[in-house]
Amino acid sequence: DFVRELIVVRTVSAGAQPISEAIDSEGNPDVLGTIAGENTILIICRSEPARERVAKRLLALAKR
């Protein structure tokens, strides 16, 4: 789910931290950073268009 420059991603239990680390390590200029809990990630993007690009990429990866 998303709002403005933010994306909320829900994962399986204990899945948020490794996924968040992978997103941060990727070095995507559209992503300012992430905050991860146990099963939820908050992705902070630079702009709404950046959020749209990041969301598309995450959805494409999730379908693999």
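Could you list all residues from segment 3-18 that are within 13 Å of the chain's Cα centre (by Cα) and aliphatic (A, V, I, L, M)? It would help to see each step written out before you state the result.
If we filter segment 3-18 for residues that are within 13 Å of the chain's Cα centre (by Cα), which is where we start, we get 3, 5-11, 15-18.
Matches in segment 3-18: V3, L6, I7, V8, V9, A16.
So L32 fits all but one of (1) open to solvent by 90 Å² or more (accessible area, probe 1.4 Å); (2) assigned to a helix (DSSP H, G or I); (3) not charged (D, E, K, R); what number is the exception?
(2)
Would you be able to say whether some residue in segment 41-62 is open to solvent by less than 60 Å² (accessible area, probe 1.4 Å), of a type in the set (S, T, Y) and either part of a helix (DSSP H, G or I) or in contact with a Lys or Arg (Cβ under 8 Å, 6 or more places away or on another chain) (or both)?
So far as segment 41-62 goes, no, none of its residues is open to solvent by less than 60 Å² (accessible area, probe 1.4 Å), of a type in the set (S, T, Y) and either part of a helix (DSSP H, G or I) or in contact with a Lys or Arg (Cβ under 8 Å, 6 or more places away or on another chain) (or both).
Of the numbered conditions (1) part of a loop (DSSP other than H, G, I, E, B); (2) out of contact with any helix residue (DSSP H, G or I) (no Cβ under 7 Å at 6 or more places or on another chain), E38 fails exactly one; give the number of that condition.
(2)
I'd like the full set of residues that are of a type in the set (A, V, I, L, M, F, W, C), in contact with a Leu (Cβ under 9 Å, 6 or more places away or on another chain) and open to solvent by 30 Å² or more (accessible area, probe 1.4 Å), limited to segment 5-29. Lay out the reasoning, then the answer.
Taking segment 5-29 first, the residues of a type in the set (A, V, I, L, M, F, W, C) are 6-9, 12, 14, 16, 19, 22-23.
Narrowing further to those that are in contact with a Leu (Cβ under 9 Å, 6 or more places away or on another chain): 6-9, 23.
Within segment 5-29, L6, V8, V9 qualify.
The values are calculated or read from the model by the stated rules, or taken from the named source; none is laboratory data. What you see is a predicted model; the values in this text were computed from it and never measured. A quick note on method: Cβ atoms are made from the backbone with ideal geometry, for glycine too, and the neighbour counts reach across all protein chains shown. Ligands, DNA and RNA are excluded from the accessible area calculation, which covers all protein heavy atoms including side chains. Shrake-Rupley method; radii C 1.70, N 1.55, O 1.52, S 1.80 Å.
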